[in-house]
Each structure stands twice: as structure tokens, then as C-alpha cells.
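Structure record follows, encoded as C-alpha cells.
Throughout, read-outs are computed from the coordinates displayed, never taken from laboratory work. As the structure is a prediction and not an experimental result, all values here were calculated from the model. Every residue, glycine as well, gets a Cβ built from its backbone with ideal geometry; the counts of neighbours run over all protein chains shown.
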Amino acid sequence: MDLAWYALLGLFFTGYLVLAGYDYGVGLLLARGGGPALRREALTALGPFFLGNEVWLVAAVGILFGAFPVLEGELLSGCYPAVAGALVGVILVTVGVQLRSRPADERIRACWDRVVMIGSALAAVGWGVVLAALLQGVPRQADGHVAGVSHLATPFAATVGLAMVALVAVHGATFLALRLSADAAAVVGRTARRLVPVALTAVGLATVVGLLSSRVRDAVQRPAVAVLLPLLLAAALLAARAALARRRPGWALAATGAALALPVVLVGAALWPYVLVSTTDPGASLTVTDAAASAPTLRLLGWVALPLLPALLGFQAMCWWVFRGRTDGRAPVYW
């Protein structure tokens, strides 16, 4: 049962990264300009989805609080600056998208666009640093508490945060290539193709820094998984670029979504059976079983989670079906 809930936690957080990832990617691309009309069209394409995408984060946090209370306490205290920064970014994106359409002054709208851009960058960097902290281990003491937050200030955490920014930027550009009007989609599609090498470079840099880091080498329980999954991530990005070159943004979006899902899989599979590896006291490392709530609690939570997943999947399917066209009313080429 512990494994099932751990997998469910990973599934909800993966769903959040994949779906909200193109929210933040679109927010980052607002910095490229393109004029008020193009920025308005990009946010119009995003509008029907972005609030529903954040529900996956709420569900993941609910599972973390209910099913893994020990992990929740140590994760929030040990990664507090990164988590707080990511949540501030989520709030800024939500507020900026909601309020930018209210004033008629384009200068004020441009200010809100910058708020969305900053929030998108904060969210991407913050979640990237959290994943890096889990993969490189935390200074958990014998008393069960994580000492300080200095473990977040490492080259590996910085490079993973930058790689996450690059991944969501590619994902957002690919989303717009699928959703914008045909003329605008062609421009954004070229931008997405140019961003793929940037993302590959960032992922490669994070991988090399991780291989050279003694923290990461000591924390990872399955080195073969830690090496295989970055290769799969690179393959997904190359597949996205090939699909964009063939004007198949549906396939490209699926590939960039897989690229954002793989880091969560990497952390979960590479650390198993641990969820927090201590860098100071090996005996203080926290296993999934130790982090989980009691069996009666997990069974009770199951009655809540059982209908939640199909409800969220159904809602996402409904949104994509209802708003399946481009912003100019034409049907996109998915495959």
C-alpha cells in the first residue's frame, strides 16, 4: 500500500508539472515580445486550462499531507526557500493572468506580463531545486530533522533549476504551436525548435554536474536508472524537435510532456526504497514505509483518492475536447 500511494503522489505531481509546465512556458515566452496582439492571443490560448492545471498541485499536496506526513514536514522545512519560491511563482502567474485583461492601458498590461514571466521563472526554478535536493540528499540528523537549507545552494541544484526553466520554455512554445492561429503557430514553432538545443544543453550540463557530485553519487540507490533516464529525456526532446519540423505539434507536445514527466520518475526510481537520503547520517535516511501514514489512514484516504483521479482526468479531457481548436477557430494538426 505504501508503494501504491508513493506512485500516486508521483503521478499527481507529474501531472502538475506536465500540465502547468506549459502555463509557465507560455509565461516565460511573454518576455520575447511579439506585440500586444500576440501576447493576448497566447494568453487566450492558455486561458481555459491554467486554473484547472493547478488543481493537480493541490491534489499532490493533499496526498503529501495525508499519506506522507513525515515526508511533508521534513520536505517543507528542509526545502523551504525553494518550495516558498515556487508557490510565490504559482501565485504570481495566477494573479497576473487574471488581472492583465482588466486595465485598458497597454503599459499596465505589459507590467502584468512581466509579473507572469517572473512568476513562471520562480515556479520552474523552485520545483527544479526541490527535485535536485531530493536527488542529492539532505542533511537529516539522527533526531529526524533536516539541518538548515544550505544544501540547496549547490551547483547541481542550480543547474537542475535552469534545466527546468529550459524544459518548460520548450513545452510552452510547443503548446502555443498547437493552439495559436496558423500564422502565429509557425513563428512559435520555429522558436520551439530553437529552444530544444538550449534545453538539451541545460539537461546535459545538469547531468554532468550530477555525475561529478559526490552528494548525488552517494544518495542515488540505482545508478543505472540515474543514467538511463537523462538519456530518455534527451530522446524525448529530439523527438519533439523532429515532430515540430514535420509540423506535428500534437506529437511534439506529447514528447515535451514526457520530458517534464521524466525528472519525477528519475527521483522516485533512483532513490527507492528511500524518499529522503541523509548526507550526514545514513541511519537517518527516510524510507517510503517510514514516511507513510498508518495503514488504516491510507485505507481511509483511499476512499477520497479513488474518485479523484478519474475526475481530474475527465476534467482535463473535457477541457481539451471543448477547446480543441486553434484561437482562430481552425482545427489543429495533432498527429
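If packing is taken as the mean number of other Cβ atoms within 10 Å per residue, what is the order of 307-320, 68-81, 230-243, highest first?
Details: 307-320: 12.4, 68-81: 18.1, 230-243: 19.6.
In descending order of packing, they fall as 230-243, 68-81, 307-320.
Starting from the exponent 0.38 and prefactor 2.2 Å, build the expected Rg for the stretch 1-119 from its residue count and divide its actual Cα Rg by it.
On the way: Rg = 16.6 Å, N = 119, 2.2 N^0.38 = 13.5 Å.
So the stretch 1-119 has a normalised radius of gyration of 1.23.
Using a cut-off of 9 Å between beta-carbons, work out the net charge of the residues near residue 291 (Lys and Arg +1, Asp and Glu -1, residue 291 not included). Present the calculation step by step, with values, prior to reporting the outcome.
Numbers: positive: none; negative: 2, 72, 74, 290.
Every neighbour counted, the sum reads -4.
What number, rounded to the nearest 500 deg cm²/dmol, is the helix-based mean residue ellipticity at 222 nm of the chain, given -39500 (n - 2.57) per DSSP H run of at least four residues and division by all its residues?
On the way: 13 runs with 259 residues, N = 335.
My calculation for the chain gives -26500 deg cm²/dmol from helical runs alone.
Consider all pairwise Cα distances in the stretch 271-322 and report the whole-number % of them above 16 Å.
Values: 830 of 1326 pairs.
Of all Cα-Cα pairs in the stretch 271-322, 63 percent lie more than 16 Å apart.
Based on the alpha carbon coordinates of the chain, what radius of gyration and maximum Cα-Cα distance (Dmax) apply, in Å?
19.9, 61
Does the stretch 188-335 classify as rounded, prolate or oblate by the C-alpha gyration tensor (a ≥ b ≥ c root eigenvalues; a/c under 1.5 gives rounded; else a/b over b/c gives prolate, otherwise oblate)?
Numbers: a/c = 3.85, a/b = 1.30, b/c = 2.95.
Cα axes put the stretch 188-335 in the oblate bin.
Counting only C-alpha contacts under 8 Å and six or more residues apart, can you give the relative contact order of the stretch 1-96 as a whole percent? If you can, show how the numbers build up before the last one.
On the way: 36 pairs, mean separation 35.6, N = 96.
The normalised contact order for the stretch 1-96 reaches 37 percent.
Once you order the gyration tensor axes a ≥ b ≥ c over the Cα atoms, which shape class does the stretch 53-158 get: rounded for a/c under 1.5, otherwise prolate or oblate by comparing a/b with b/c? Walk me through the numbers before you get to the answer.
Working: a/c = 3.55, a/b = 1.99, b/c = 1.78.
Prolate is the answer for the stretch 53-158, as a/c is 1.5 or above and a/b outweighs b/c.
Mind giving me the FRET efficiency for residue 141 and residue 106? R0 is 51 Å, r the Cβ-Cβ distance, nearest 0.05 is fine. Walk me through the numbers on the way to the answer.
On the way: r = 54 Å, r/R0 = 1.05.
After rounding, the FRET efficiency stands at 0.40.
May I ask for the net charge around residue 279, where only other residues with Cβ less than 14 Å from the Cβ of residue 279 are counted and Lys, Arg are +1 while Asp, Glu are -1?
Summing Lys and Arg as +1 and Asp and Glu as -1 gives 0.
Only Cα pairs under 8 Å and at least 6 apart count here; give the relative contact order of the stretch 260-305 as a rounded whole percent.
Details: 23 pairs, mean separation 10.9, N = 46.
About 24 percent, as a whole number.
What helices does the chain have that are whole DSSP H segments, at least 27 Å long along their own axis by Cα, and with mean Kyte-Doolittle hydropathy of -0.5 or more?
On the way: long enough: 2-29 (40 Å, 1.21); 80-99 (28 Å, 1.91); 106-136 (44 Å, 1.05); 155-179 (36 Å, 1.62); 182-212 (45 Å, 1.32); 223-245 (34 Å, 2.13); 249-271 (34 Å, 1.74); 295-322 (40 Å, 1.29).
Once both thresholds are applied, what remains is 2-29, 80-99, 106-136, 155-179, 182-212, 223-245, 249-271, 295-322.
Does the stretch 92-224 come out rounded, prolate or oblate by the C-alpha gyration tensor, with a ≥ b ≥ c the root eigenvalues, rounded set by a/c under 1.5 and, if not, prolate when a/b is larger than b/c and oblate if not?
oblate
Check which residues have an amide H placed less than 5 Å from residue 275's amide H, if you skip close sequence neighbours.
286, 287, 288
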